[in-house]
Amino acid sequence: MFGKITVVDKKFPGNGETFIYVAFEDTFKKDNDLKLLGKKINNKLLQHEFSGKEGELVSIDVDTLYKTVIVVGAGKEKEFNLIKWRDLLADTFRYCRANKLANVTVTYFDLLGKDSFAIGQNLTVSLYLANYDFDFYKSEEAKKKLKRIDSLNFQFFPLRSSDSSGQAVSRGIEYGKLLAEGIYLTRDLVNQPAAYVHPDTLEEQALQIAKESKGKITVEVLDENQCRKLGMEAYLGVAQGSEQPPKFIILHYESSKGRSPSGRKICLIGKSVTFDSGGLSLKPSEHMETMKMDMAGGATVLGIFKILSRHNVDADVYGILPACENMPSGHAMKPGDIVTALNGKSIEVLNTDAEGRLTLADALSYAEKYLQPDMMIDLATLTGACIVALGKNIAGMFGNDQKMLDSLEKAANTEGEELWPMPLHKYYAKSLKSPVADLKNTGGGKYSGGAITAALFLSDFVDKAKWIHLDIAGPAFNDNDSYGVINHGGTGWGVLTLLNFFHQVNKK
Ligand code: BES
Ligand code: ZN
Ligand code: ZN
């Protein structure tokens, strides 16, 4: 983890380096800003025709308490929110890194009555995520060039009377650090090549998390034979073409108040295909380039478990990673093969590249049969079709319980992770009918609503639990430039939303 954050008060004399000031479009020219920044800087801003529009950034070299003053536009004050602030700051922190400005001061005037805890949390998430690099494979020389922000002084002006908002900010900062730690793990696992991340690697990681939790988290791992005995042919069918042995990993965190006093059992299931070549239905080269990321769902579940035991969650939480690799070989599953999942349903496998749903079919069935959770949430880089529908930034959300869907949507909105409700349109289920088995693993052709048919397929393996399926094929991995708290590569999408969701469950 990188970057030290210190909360300082108005008497803070300045650290001589970089001062970051966020200015609103409609108010920055008023007296307040003038007084604070001084005439000289204001004149410079006017020269630069700075207007305070969202995303504007002016860097001014001065020789006062600071060497550099960076003024960032935040748009209209009315439209301000902490997620916008978080993302603007992250872009500014990246600007600082590029310009070797390693020590920064950020101010915040508590004028708008935002939640102090959330201010601390978002500030911290912003700094740590903007400071993230995947540099394991860079030379020492190149590593040194990747400048990070070493220290951040947060000058917080609590303007509301009689509150302990300063303390709440500090608690928010601690919580933000925890979140970032989880997201770092998820990002690292996604970014590591498939030559390094095998089902074994995910098992080791899960065991490590259990060890660190000092008994609060336990892990059970089923090997191929055990899975065969339980009847997980769908999952094992995907694994059988690979040299890498499959590992069906089950984590269990017991409620901070003892065994599920509230009767709440939540099961998270993460697609964990450590490499998706497509199998015999081999992917074209361009589509295969990023397929080390096909275990992002599992990596997200591990990121969450890494921090869960240090965070008071009042629910029993299970995590399932049906980890395997999807490869073509003489042992591989062939199009036309029929496999039977743990819940007894037979599946005609017409396309071995629609493998995620096969692994999840057994994971969902396992959860229903052996864990009987009240709620299940699966995270899966499931379909290219979901990216066609919603683009790269937005996850598709499907589910069978409106209240649960509403809660998760609220959690995502609060944390600034984009998702959008998608329909489990029954009519399309027709396309999953097989003449020779109970189901087939692909539906229709080009215009068949591929993200929806995939979700409908999963719903066949859900029985009693309330269930949400998140198709994170788009937002789990960013192959473009960084923006806001999103960097290149694995993003860690979902850690923030799910922890927020647990909070909401706690409150009820
Ligand atoms: N892992 C892919 C989905 C994917 C695509 C994730 C792009 C991230 C980026 C999945 O296993 C897959 O190959 N799905 C197929 C399904 C099809 C064969 C029915 C797809 O989306 O093309
Ligand atoms: Zn695939
Ligand atoms: Zn896949």
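The values are calculated or read from the model by the stated rules, or taken from the named source; none is laboratory data. None of the values given here were measured: they were computed from a predicted structure. Don't worry about glycine lacking a Cβ; one is built from the backbone with ideal geometry, like all the others, and counts go over all protein chains shown. When the accessible area is computed, the model is the full protein with side chains, heavy atoms only, and any ligands, DNA or RNA have been set aside. Shrake-Rupley method; radii C 1.70, N 1.55, O 1.52, S 1.80 Å.
Out of curiosity, is residue 396 open to solvent by 10 Å² or more (accessible area, probe 1.4 Å) and at pLDDT 95 or above? Criteria not met by residue 396. Just wondering, is there one or more residues in the stretch 223-233 that are touching a residue at least 12 places away in the same chain (Cβ under 8 Å), under 15 Å from residue 322 (Cα atoms) and open to solvent by less than 10 Å² (accessible area, probe 1.4 Å)? Yes, the stretch 223-233 has at least one match. One residue alone among 356, 384 is open to solvent by 30 Å² or more (accessible area, probe 1.4 Å), more than 12 Å from residue 470 (Cα to Cα), within 16 Å of ligand 3 (Cβ to nearest atom) and within 19 Å of the chain's Cα centre (by Cα), and that residue is 384.
Conditions (1) of a type in the set (A, V, I, L, M, F, W, C); (2) open to solvent by less than 40 Å² (accessible area, probe 1.4 Å); (3) on the phi > 0 side of the Ramachandran plot, marked per residue:
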residue: 402; (1), (2), (3): no, no, no
residue: 414; (1), (2), (3): no, no, no
residue: 426; (1), (2), (3): no, no, no
residue: 432; (1), (2), (3): yes, yes, no
residue: 465; (1), (2), (3): yes, yes, no
residue: 468; (1), (2), (3): yes, yes, no
residue: 485; (1), (2), (3): yes, yes, no
residue: 489; (1), (2), (3): no, yes, yes
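Within the stretch 402-427, being under 25 Å from residue 125 (Cβ atoms) and charged (D, E, K, R) holds for 406, 409, 410, 415, 417, 418. A residue that is modelled with pLDDT of 85 or more, assigned to a strand (DSSP E or B), open to solvent by 50 Å² or more (accessible area, probe 1.4 Å) and assigned by TED's automatic domain parsing to the domain that holds residue 153 cannot be found anywhere in the stretch 21-30.
When residues of the stretch 67-87 are filtered for being under 21 Å from residue 42 (Cβ atoms) and open to solvent by 20 Å² or more (accessible area, probe 1.4 Å), how many remain? Final tally of qualifying residues: 3. The residue list 446, 430, 440 contains one member that is more than 13 Å from ligand 1 (Cβ to nearest atom) and among the charged types (D, E, K, R), which is 430.
Among the strands (runs of 3 or more DSSP E) confined to the stretch 148-262, the ones with at least 2 residues that are within 21 Å of the chain's Cα centre (by Cα) and closer than 26 Å to residue 369 by Cβ are located at 247-253. Taking the conditions (1) of a type in the set (Gly, Ala, Ser); (2) free of Cβ contacts under 8 Å to residues at least 40 places away in the same chain; (3) under 21 Å from residue 202 (Cα atoms) in turn, residue 330 satisfies each one other than (3).
Among residues of the stretch 445-460 that are touching a residue at least 12 places away in the same chain (Cβ under 8 Å), those with a Cβ under 9 angstrom from a residue that is away from ligand 3 (no atom under 15 Å from the Cβ) and polar (S, T, N, Q), sequence gap 6+ or separate chain, pair up as 448/431; 449/431; 453/431; 456/431; 459/400; 460/343.
When residues in the stretch 346-361 are screened for being more than 10 Å from ligand 1 (Cβ to nearest atom) and closer than 15 Å to residue 335 by Cβ, 3 of them pass. Among the residues of the stretch 251-294, those that are touching a Phe, Trp or Tyr at 6+ places or on another chain (Cβ under 8 Å) and within 16 Å of ligand 1 (Cβ to nearest atom) comprise 290, 291, 292, 293, 294. Can you tell me which of (1) surrounded by fewer than 16 Cβ atoms within 10 Å (Cβ to Cβ); (2) in a helix (DSSP H, G or I) is the one residue 135 doesn't meet? Answer for residue 135: the failing condition is (2).
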